[in-house]
Amino acid sequence: KPLYITNYPNNNEKLIIIEQEGIIKILNDGKTEKIPFLDISKRVHQPLYPADEMGMLGLAFDPNFEQNGYFYVNYVDRKYHTNISRFKTNGKLGDPNSEEILIKLKQPYPNHNGGSIEFGPDGYLYIGVGDGGSAGDPENRAQNLSNLFGTILRIDINTDKGYIIPKDNPFYKIEAFKSEIWHYGLRNPWRFSFDKKTGDMYIGDVGQNNWEEIDFQPVNSKGGLNFGWKILEGTHCYPKDDGNCLKEGMTPPLFEYPNDANYLKTI
């Protein structure tokens, strides 16, 4: 179950492939190497059915990887915790014994775990966290700034241990709010990325019943954007699309499109 591919830092011929079961493989000159870059499958949740959303979900190499050998992995473990972990290489391979867990988050339900982790143009690590799952965000986590669910997090990992919260995060040291939060009001930011030329951020947020959305953050954003879930699904009021919901202060998607496939509903 491969679900993400990137290049080895400064080597476009060597590709790194994440598999959901917890193995990161190396594709070198079109051939899969026998020894994986990293194998932590004994720690990682093993998918139980075709649409299982847990497992190893994201990978990011440190901007200073060639000097420090650090890389970061987002995975759900066998006790249903999301782990954002730092690993170090030993030689040219990842060392499974070097894991330092930076963030550990108990998932309330087995779906909407987010997955992406990326370094922004500012050198900080950005982390996509889903709303915690079930359907319709029953505990309203994505609009609750006192928890980490339904968000993009932003942390500074330029430290020997743990992480630092950047002082320009929008909720820095605000009592009862989580200072790691950069944006909120997201359902399941499964993938996001930064435009390499402009630094703008694009977020793919998975919809509930009818609308998928692409969210946008310009490079000069100060953070704190509320993308609306579960008040809105795309630009539409949720759960009843009657126009009678509060849209003030919400950041609408750059693009939305209807979900008509009904694939999972018919199998």
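Observations, loosely collected:
- Flag: Thr89 does not match the condition of being open to solvent by 40 Å² or more (accessible area, probe 1.4 Å) and polar (S, T, N, Q).
- Just one of the numbered conditions (1) of a type in the set (Ser, Thr, Tyr); (2) free of Cβ contacts under 8 Å to residues at least 12 places away in the same chain; (3) not in a loop (DSSP other than H, G, I, E, B) is not true of Tyr172: (3).
- Residue check for Tyr49: modelled with pLDDT under 95 and either more than 16 Å from the chain's Cα centre (by Cα) or surrounded by 13 or more Cβ atoms within 10 Å (Cβ to Cβ) (or both): yes
- Applying the set (1) in a loop (DSSP other than H, G, I, E, B); (2) open to solvent by 30 Å² or more (accessible area, probe 1.4 Å); (3) at pLDDT 95 or above to Met54 leaves exactly one unmet item: (2).
- Condition check for Phe216 on (1) open to solvent by less than 30 Å² (accessible area, probe 1.4 Å); (2) closer than 17 Å to Phe255 by Cα; (3) in contact with a Pro (Cβ under 8 Å, 6 or more places away or on another chain); (4) not basic (Lys, Arg): one failure, at (1).
- Selected residue [charged (D, E, K, R), modelled with pLDDT of 95 or more and open to solvent by less than 30 Å² (accessible area, probe 1.4 Å)] from Asp168, Asp131: Asp131
- Residues located in the range 71-82, provided they are surrounded by fewer than 23 Cβ atoms within 10 Å (Cβ to Cβ) and touching a residue at least 40 places away in the same chain (Cβ under 8 Å): Tyr72
- Residue satisfying condition, being in a loop (DSSP other than H, G, I, E, B), touching a strand residue (DSSP E or B) at 6+ places or on another chain (Cβ under 8 Å), in contact (Cβ under 8 Å) with a residue 24 or more places away in the chain and under 30 Å from Ile165 (Cβ atoms), within set Pro96, Pro108, Pro63: Pro63
- The requirement of being touching a strand residue (DSSP E or B) at 6+ places or on another chain (Cβ under 9 Å), in a loop (DSSP other than H, G, I, E, B), more than 22 Å from Leu225 (Cβ to Cβ) and of a type outside the set (A, V, I, L, M) is not satisfied by Pro121.
The values are calculated or read from the model by the stated rules, or taken from the named source; none is laboratory data. Here the structure is a predicted model, which is why all the values come from computation and not from measurement. Virtual Cβ from ideal backbone geometry, glycine too; neighbours counted across all protein chains shown. These accessible areas exclude ligands, DNA and RNA; they are computed on the full protein's heavy atoms, side chains included. Shrake-Rupley method; radii C 1.70, N 1.55, O 1.52, S 1.80 Å.
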